[in-house]
Amino acid sequence: MMARKPVTFTLNGSERAAFAADGQNLLQFLRQEVGDMTPKFGCGQGGCGACTVLVDGAPHLSCLMLAEAVQGRRVETVAGLARGATPHPLQEAFMEHFAAQCGYCTPGMLMAAKALLDRTPRPTRDEVIEAIGGNLCRCTGYAPIIDAILAAANRRTPA
Amino acid sequence: MALHRGRGFAAINYPIGMNLGGDPSQALVHSNPDGKFSVALSSIDLGQGMKSVTRQIAAETLGVPVEDVYVDTADSDTGPHCMGSFASRGTHRVGNAVIQAAQEARAVMLEAAAEELEVDAADLVTDGRGNIHVRGAPSRSITTMAACQAAQFRQGRTVSGRGIFLIPLSEVDPDTGEMTPVSCFAHAAMLVEVEVDDETGEVRILDMQSAYELGRALNPGLVEQQLVGGAWMGMSHAAWETTEPRYPDRSHGPVDFNSYLMPGPGDIAPHHISVLERPAPDGPFGGKGPGEMCANPVLPAVCNAVYDAVGVRIDELPVTPEKVLRGIRALGGARPRGRL
Amino acid sequence: MIEFRKEFFADERDDDLATIGQRVRRQDILGHVTGRSPFYDDHRFEGLLHIRCARSPHHHARIRRIDTAAAERMPGVVRVLTGRDVPRNLNTLLSLLDFGLDDEPILAETKVAYRGEPVAAVIAETEALARDAVAAVRVEYEELPHVLDPEEALKPGAPVVCDVYPTNRFIYHGKYDHQKLRYGDVEAAFARADHIVEGRYQMSPIEQAPIETCGAIAAPEVNDRYVCFTGTQGLFFSLGTAAKVLQMPSSRLHFVGGTVGGGFGGKVDSVHEPIAILGAMLTGRPCKFAWDREEEMQVGAPRGAERWYLKDAVARDGRILARKFTGYFDAGAYTRLSSYAVIKAVGHLPGPYTIPNVHADVHCVYTNRTPSTAMRGFGITGVDFAIECHMDKVAEAVGMNPVELRILNAYRDGDMKAHRREAKNCALVECCQVVAEKAGVTLSPEARAASSRTGGGGERARLPAFTRTDQDGRVEGFDTGSYARKTGSAPPPRSESTRHTTAAPQTTPSSQPRPAAPPPRAPQPPAPPLASGQRADAGGSMPPADAASPPAAPRRTGALRFSSLSGFRRR
Amino acid sequence: MSVTVETCATAAEAARALGQGAQYLGGGTIVMRRVNAGDQHLSRLVRSTDPGLRAIRSTSQGVSLGAGVTMAQIMAHPDLGFLAPAARAVGGPALREMATVGGNLFARAPYGDLAVLLLALGAQAVMSDGGSPRPLEELWRGGRSGLVLSLEVPRPREARATGYLKVARVHPVGTPVISLAAYLPREGGRIRGARIAMTGMGATPRRATAAERVLEGAALDAASIARAAAVAAEGLEPLDDALATAWYRREVAGVHLSRLLEGLERG
């Protein structure tokens, strides 16, 4: 069998350690070894964004990232988006604006949107479009997602 | 270079559900002791909102708040048979099965309430807020919770119901094609405005004006999801998508989303939707099912708009810049029609 | 940007319901935005094994030999499945509805009919190891001539794509090699028309492209049952297919699904469930079988390409007097659901218009490409594209506003439709009027005054005085009715003869010892209908066919009838 | 294939470790996709945590970009405005956090949205095997030895001299049908040292030498732009792929080149 390497990192604020198989990507690592099932597999090619997570605050495609490369780094997934039972303003806006249908692209879409709002609290519509440009949705036609992200930005109390 | 604008129109209808071999779906409804209801289905929610629309249908039929109903799908050990989620059949077929099951459960709930209130069940109505009372006498009432508790703990009744809806098999005459294909039809009309670059053949979809008739809109939010997303898919089919760019040749088939093209968030056009609601006589509360038909008018409307803009007929999908450019070359230049 | 035009048909609705009509949030939305909605692959299993398939690199080839020895020896490889491991290695989806002949192997044994067809399934400890082992599966092929264009496939001498249908056409009702629609007399109308408008339209093959690819996880459950978590669009469709293919009572199968990452028609084919369960049966461990994105796009069944020829007879004033269709559904190598799409399309013709003479010949054609299947708008999207592009040409031919033309010809309540049922609950006129109003398209007073609820019926409700029929495409000897009854009975116990009986349509019985090379098979003209009938019978309860002499079967008669629900009554 | 991954502290060690049959793993956007697909040609992956590979240094004539510098780094850097349009053209925000300068050089055509601008600017690759920096075309001609450590990118004499245009079917993130970059420094109103590059017109980014010749010494005006556009595809081998046929790329290369140049002319 392949060599397995210990990886220590922060997942949604808490220290985690697990073994990664050689060549295992971050998506497989999070889902199979760590047990965070919220990032989704859509293509394994970097083409759909369903696996988007934040690494040190920046969006990354976990299917194209070597698991061991997050050693000592800060990883965020949608599992850590809500504050306890209180949904993140993005989650609230997605629910209100019917911005999800099958819900499979939603975790990646939300993390791409969070990356945007963390850096640009009041984005323009074009900035939102740019921010989710790498995230495919086959159901919604994008309009409700864009509207939800803009609504979340306007609702969000300045951090 | 020149950009040419054109408008194209299309109108369609859409048959709801399938008929081959008969088209059945079943539902089971039962209440907890406290009057909260579960709906068991083996139907599939693949984003269209099956769980949500059947939940509303059950709540409306039972006469309880929608929060008091939860739809569980799909487990073959607990959910009764359903053909599946395709052919725009879900809302219509499963919805009708849920109504039948919920009616049976409601009847038991009202009998239980009648026994508690010592009145005739036929005189009882629900207020949709969790109460059952005598028609015209709101003071003589009992909560659905109390009624269901009484049914289970004092009266020994199961507040439950079974439902099935079947569109029977349609025979097809081999010689004439005579058949009963479906039970009802949804309708749509669409006008698309495009802009065509006569030097590159690139087509931009600028605006969509549509009218969709889909029976009663059981949940306007779910309807909007289907129509907005479906029209996007129609755009996509019209001018982007193909698994075989050289059909019937099999070369250059896309193997990823970089080469399988779909319009991105930067390509979408404003879509102005009007919804018409002509209830289907046999639909759940008149509902039909907008899930599939929403994409269909966009394909021809885009092709007709391209013709209107530059005079090029694209009769082979998708409408690629190359096909448009070749067409313009063949005409010796763009020939705007301006017919709409 | 959505408005609800409640003023239309208000008298047919009571708008005072409590929950119906309310913009209630989705029941599943919290799960979606928290990433907790349980898609099939979100269920974790200890010791999960991964299945990947070795696939044909050829469009069409005879399989001489499948050598899995090297793959089986590789580290982490638990088992390699071939067609011989599949209890009933021949199926067609709609056999659950007694519609059509079993034509598609789960894992190809004697020949492959499209590039990407699976010939072996590797079960390994990890996905990576499964991929490595797949690369080590050695298959000897003898390439055969292939055909990719549906009209080419119908020409004499075209390669036979699927031995079960030797003329490369699905057989309808045991009587014709296409589905007919005959209503009135189009030829007479063409003779007296002011305008004839003709067109050819080609719909492209399209991938459903759900962001969640197709897949299933199966595991041994207590009490000798198997649980299968799946992304199927039809839970009992997949359960029924697995029960048939695995020759297993449905009571031993527990299917869980219902939360699916998009389907659009691409998750009906039940390709993954039987193999995942078979893997769990033969290894005793949980097995996952899923497509990667490349497989989803090129091996997964797309919306099939359709080609339509339309010819209209049009009067000077824009009334369409006759419409003639010739349609070709490119089914790819096997039937899947294409046979039904043709029926659905024919029931839809001539579109939402009242046309007194309609004629259609629609063919379900086999070619050496990935089998096609359902997709959103199945059977309708392609022909609507053709019809509505054609309407635009008709409008131009008669110099009419395209919206007006639709309203003029629109079907109305009470009109007789070409499939001989009365139209009701129509609303095409109103949709056209609303769009015209919104888009500033000027309509004539007549068009503005038109209504779906008036002007229909009467003359328009009458069936044609005369309908021209014909026997073109007549086939003899098919009796899929008997086939239906047979699959309707409890599946026979697994035995060589059973297995080969179901495989009998193949000209090379797999009873021949491997790696014996089958007799070479040059491209042959389509077998005469009688032969095809015999094959259909052989696909029934005949003893194994002998390679040398085709089975001499008693001729059966009687048209195929869609027998309702036989697959379900027994439950 | 099931792979082993070796992590080296320095680029030099990584270069040594590469040896025979190993593949360097940079940002992962190219190689990890191959790993995920079970590419049987991959067995050993070598990566490096050398901070030098992520370094951006301004030099007298231009800038030095470590091969591991990401598109996001370029976009965020105050001195790299002249590269930002091309960096932004690569994938979406998440991909740009991972995709590196070195990787973009070897992205399969028609990719190479940044590489095409680097080619137009005359950037040179500094290799691990020492020796003088190599022109990109030489790198692509093969004979590639060792690891690309960094790129030396000349800073355009005048910002107005560089132009960039990406043509894609999907927006905002799409694979290029063609991407074009032009560097047209002018002396006394005359173009001196014209460099024009395109992706989608060959197996690697290619220079449109015919168009360059037309423009050399000319003033950038409607006439010279038309002449350049007319020969835009001359000597190039347009790709034939799922996005477009070779015919289409050849037909529109000139159209897009003239649009790019008209933009430059307007300034």
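The values are calculated or read from the model by the stated rules, or taken from the named source; none is laboratory data. All values reported here derive from a predicted model rather than from experimental measurement. Here the Cβ is made from the backbone with ideal geometry for all residues, glycine too, and neighbour counts use every protein chain on show.
Annotations for the structure displayed:
- Filtered residues of segment A:104-114 (kept if out of contact with any Leu (no Cβ under 8 Å at 6 or more places or on another chain) and in a helix (DSSP H, G or I)): A:106, A:107, A:108, A:109, A:112
- Criterion (more than 17 Å from the chain's Cα centre (by Cα), within 13 Å of chain D (Cβ to nearest Cβ) and within 20 Å of residue A:39 (Cβ to Cβ)) met by exactly one of A:76, A:68: A:68
- Residue pairs whose Cβ atoms lie under 7 Å apart, separated by 6 or more positions or on different chains, with the first residue in segment A:119-131 and assigned by TED's automatic domain parsing to the domain that holds residue A:109 and the second surrounded by fewer than 18 Cβ atoms within 10 Å (Cβ to Cβ) and part of a helix (DSSP H, G or I), are A:120/A:127.
- Filter pass, residue B:237 being more than 16 Å from residue B:292 (Cβ to Cβ) and either under 23 Å from the mean Cα position of the chain (by Cα) or surrounded by fewer than 22 Cβ atoms within 10 Å (Cβ to Cβ) (or both): no
- Criterion (assigned to a loop (DSSP other than H, G, I, E, B) and either out of contact with any Ser or Thr (no Cβ under 6 Å at 6 or more places or on another chain) or at pLDDT 95 or above (or both)) met by exactly one of C:490, C:436, C:447: C:490
- Selection within segment D:149-168 - within 23 Å of residue D:201 (Cβ to Cβ), in contact with a Ser or Thr (Cβ under 8 Å, 6 or more places away or on another chain) and modelled with pLDDT of 95 or more: D:151, D:153, D:164, D:165, D:166, D:167, D:168
- Leading residue by the ranking (nearest to the other protein chains (Cβ to nearest Cβ)) among those in segment C:137-154 that are among the acidic types (Asp, Glu) and within 28 Å of the chain's Cα centre (by Cα): C:149
- Number of the condition not met by residue A:64 [criteria: (1) more than 20 Å from residue A:24 (Cα to Cα); (2) surrounded by 24 or more Cβ atoms within 10 Å (Cβ to Cβ); (3) not hydroxyl-bearing (Ser, Thr, Tyr)]: (1)
- Within segment D:5-47, the set of residues being at the interface with another protein chain (Cβ under 7 Å from one of its Cβ atoms), more than 26 Å from the chain's Cα centre (by Cα) and over 24 Å from residue C:53 (Cα atoms) comprises D:5 only.
- Scanning segment C:213-227 for residues that are more than 9 Å from every other protein chain (Cβ to nearest Cβ) and in contact (Cβ under 8 Å) with a residue 40 or more places away in the chain yields C:214, C:215, C:216, C:217, C:218, C:219, C:220, C:226.
- Subset of segment D:62-115 (residues that are free of Cβ contacts under 8 Å to residues at least 40 places away in the same chain, outside any helix (DSSP H, G or I) and either polar (S, T, N, Q) or over 24 Å from residue D:244 (Cβ atoms) (or both)): D:69, D:77
- Any hit, segment B:58-76, residues being closer than 28 Å to residue B:181 by Cα, part of a helix (DSSP H, G or I) and within 10 Å of another protein chain (Cβ to nearest Cβ): yes
- Residue B:277 among the acidic types (Asp, Glu), within 18 Å of residue C:376 (Cβ to Cβ) and at the interface with another protein chain (Cβ under 7 Å from one of its Cβ atoms): no
- Residue match in segment D:39-58 (condition: assigned by TED's automatic domain parsing to the domain that holds residue D:109, assigned to a loop (DSSP other than H, G, I, E, B) and closer than 17 Å to residue D:121 by Cα): no
- Members of segment C:1-32 that are more than 14 Å from chain A (Cβ to nearest Cβ) and not in a loop (DSSP other than H, G, I, E, B): C:3, C:4, C:10, C:11, C:12
- Within segment B:79-100, tally of residues that are surrounded by fewer than 24 Cβ atoms within 10 Å (Cβ to Cβ) and at the interface with chain C (Cβ under 10 Å from one of its Cβ atoms): 2
- The one condition in (1) at pLDDT below 95; (2) closer than 24 Å to residue C:384 by Cα that residue B:282 fails to fulfil: (2)
- Residues that are among the hydroxyl-bearing types (Ser, Thr, Tyr) and outside any loop (DSSP other than H, G, I, E, B) within segment C:331-361 comprise C:338, C:339, C:340, C:353, listed in sequence order.
- Subset of segment B:309-340 that is touching an Asp or Glu at 6+ places or on another chain (Cβ under 9 Å) and closer than 17 Å to residue C:387 by Cα - its residue that is farthest from the other protein chains (Cβ to nearest Cβ): B:313
- When A:19, A:98, A:29 are checked against the criterion of being aromatic (Phe, Trp, Tyr) and within 30 Å of residue C:1 (Cβ to Cβ), A:98 stands alone in meeting it.
- Scanning segment B:105-132 for residues that are of a type outside the set (A, V, I, L, M) and either more than 20 Å from residue B:66 (Cβ to Cβ) or not assigned by TED's automatic domain parsing to the domain that holds residue B:31 (or both) yields B:111, B:115, B:116, B:118, B:120, B:123.
- Only one of C:96, C:81, C:49 that is buried (at least 18 other Cβ atoms within 10 Å of the Cβ), in contact (Cβ under 8 Å) with a residue 60 or more places away in the chain, within 30 Å of residue B:168 (Cβ to Cβ) and aliphatic (A, V, I, L, M): C:96
- Test result for residue A:55, crowded, with 20+ Cβ neighbours inside 10 Å, aliphatic (A, V, I, L, M) and under 23 Å from residue D:44 (Cα atoms): no
- Of residues in segment B:163-185 being under 22 Å from residue B:13 (Cβ atoms) and among the β-branched types (Val, Ile, Thr), the one farthest from the other protein chains (Cβ to nearest Cβ): B:167
- Residue C:288 falls short of the stated requirement of being of a type in the set (Lys, Arg), more than 30 Å from residue C:127 (Cβ to Cβ) and either modelled with pLDDT of 95 or more or part of a loop (DSSP other than H, G, I, E, B) (or both).
- Candidate set from segment A:115-143 (those that are part of a helix (DSSP H, G or I) and either of a type in the set (Ser, Thr, Tyr) or crowded, with 24+ Cβ neighbours inside 10 Å (or both)); member that is farthest from the other protein chains (Cβ to nearest Cβ): A:128
- Enumeration of residues in segment D:70-114 that are hydrophobic (A, V, I, L, M, F, W, C) and either over 17 Å from residue D:30 (Cβ atoms) or assigned by TED's automatic domain parsing to the domain that holds residue D:202 (or both): D:74, D:75, D:76, D:80, D:82, D:83, D:84, D:86
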